[in-house]
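Okay, so here's the structure we're looking at.
The values are calculated or read from the model by the stated rules, or taken from the named source; none is laboratory data. Owing to the predicted nature of the structure, the values given are computational and were not obtained by experimental measurement. Every residue, glycine as well, gets a Cβ built from its backbone with ideal geometry; the counts of neighbours run over all protein chains shown. Only protein heavy atoms, including side chains, enter the accessible area calculation; ligands, DNA and RNA are left aside. Shrake-Rupley method; radii C 1.70, N 1.55, O 1.52, S 1.80 Å.
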Amino acid sequence: MKVIGLAGWSGAGKTTLLTRVIPFLLKKGLRVSVIKHAHHAFDVDVPGKDSWRHRESGATEVLVSSSQRWALMHELRGAGEPRLPELLTKMSRVDLVVIEGFKREPHHKIEVYRAANAKPLLFPDDPDVVGIATDTAVETTLPTAHLDDIEAIAAMMQRSAMPVDDILSKSEAEG
């Protein structure tokens with residue numbers, strides 16, 4: 001299993017880009033999963049439904065299953081937010097896991113940069129940025145691709161993805 005990140009400031013178009021790249025990768029026969037970091041409280045459950053009531057009553061985990069999908073919700077209940085390596089161990093094996101966000105975690109990332117955001121580029125200060133998807137010219141030796149060039153971005157993601165075991169080993173070495 002390989003891992004690649006998409007990192008950038010809010011409004012850069014990470015989610016939009018990812019929703020365009022995933023179908024391209026699927027057509028190439030790859031199995032793709034996503035880990036998305038949220039910077040705020042979020043809820044994947046519907047208030048009032050049984051699973052929501054179970055969680056609200058204090059259950060640590062609630063797994064909901066149907067013939068179409070299953071979802072596991074885990075409440076932290078005051079515990080610290082898990083780091084990326086721990087979350088990766090919870091994923092089913094696929095060909096490529098794309099990480100959206102987690103820009104401070106040490107894994108290979110493609111920076112998504114939109115000039116209209118008027119934010120600074122991440123790559124000069126982040127050695128884990130291995131390529132840039134952008135709508136403007138960027139002076140760099142890193143591989144770059146235009147935000148609309150889905151084929152080039154998908155290829156950059158595949159070339160730059162790192163084995164999940166490298167991330168887990170790095171995490172274990174850090175302690």
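Can you pull out the GluC sites (Glu not before Pro) in the range 98-159 that DSSP calls coil and that have at most 13 other Cβ atoms within 10 Å? If you can, show how the numbers build up before the last one.
Working: sites: Glu100, Glu111, Glu139, Glu151; in loops: Glu139.
Of the GluC sites (Glu not before Pro), the ones in loops of the range 98-159 whose Cβ has at most 13 other Cβ atoms within 10 Å are Glu139.
Here the Gaussian network model covers the chain, with springs between Cα atoms less than 10 Å apart; of Val112, Val97, Val44, Val44 fluctuates the most.
Just checking my list (1) 17.6, 54; (2) 15.2, 47; (3) 16.0, 60 against Rg and Dmax of the Cα atoms in Å computed from this structure; which label fits? So the calculated entry is the one marked (1).
Using helices alone, I'd like the mean residue ellipticity at 222 nm for the chain: each DSSP H run of four-plus residues gives -39500 (n - 2.57), total over residue count, nearest 500. Write out the running numbers ahead of the final one.
On the way: 5 runs with 48 residues, N = 175.
So the helix-based figure for the chain works out to -8000 deg cm²/dmol.
Bridge orientation summary for the chain: considering DSSP beta bridges with both residues in this region, about 25 percent are antiparallel. Per atom type, the range 106-158 shows carbon and sulfur on 49% of its accessible surface, probed at 1.4 Å. Highest mobility in the GNM of the chain, judged by mean-square fluctuation with C-alpha springs under 10 Å and restricted to Ala59, Ala38, Ala154, is found for Ala59.
From the alpha carbon centroid of the range 82-119 to that of the range 30-51 is 16 Å. Which aspartates and glutamates, if any, have their Cα less than 13 Å from the Cα of Lys14, not counting same-chain residues under 8 positions apart? Excluding near neighbours in sequence, the set is Glu100, Glu111, Asp135, Asp148.
Placing unit charges on the Cβ atoms of the charged side chains and taking the dipole of the chain about its Cα centre, the candidate lying farthest along the positive direction among Ile150, Gly101, Gly80 is Ile150.
Note on the chain: dipole from Cβ charges, positive end direction compared against Val3, Trp52, Pro120; the farthest Cα belongs to Trp52.
Over the chain, accessible surface divided per residue gives 60 Å², non-protein components excluded, 1.4 Å probe. By the rule of a C-alpha distance below 24 Å, with chain neighbours fewer than 8 residues away ignored, the lysines paired with Lys170 are Lys2, Lys36, Lys90, Lys103, Lys109.
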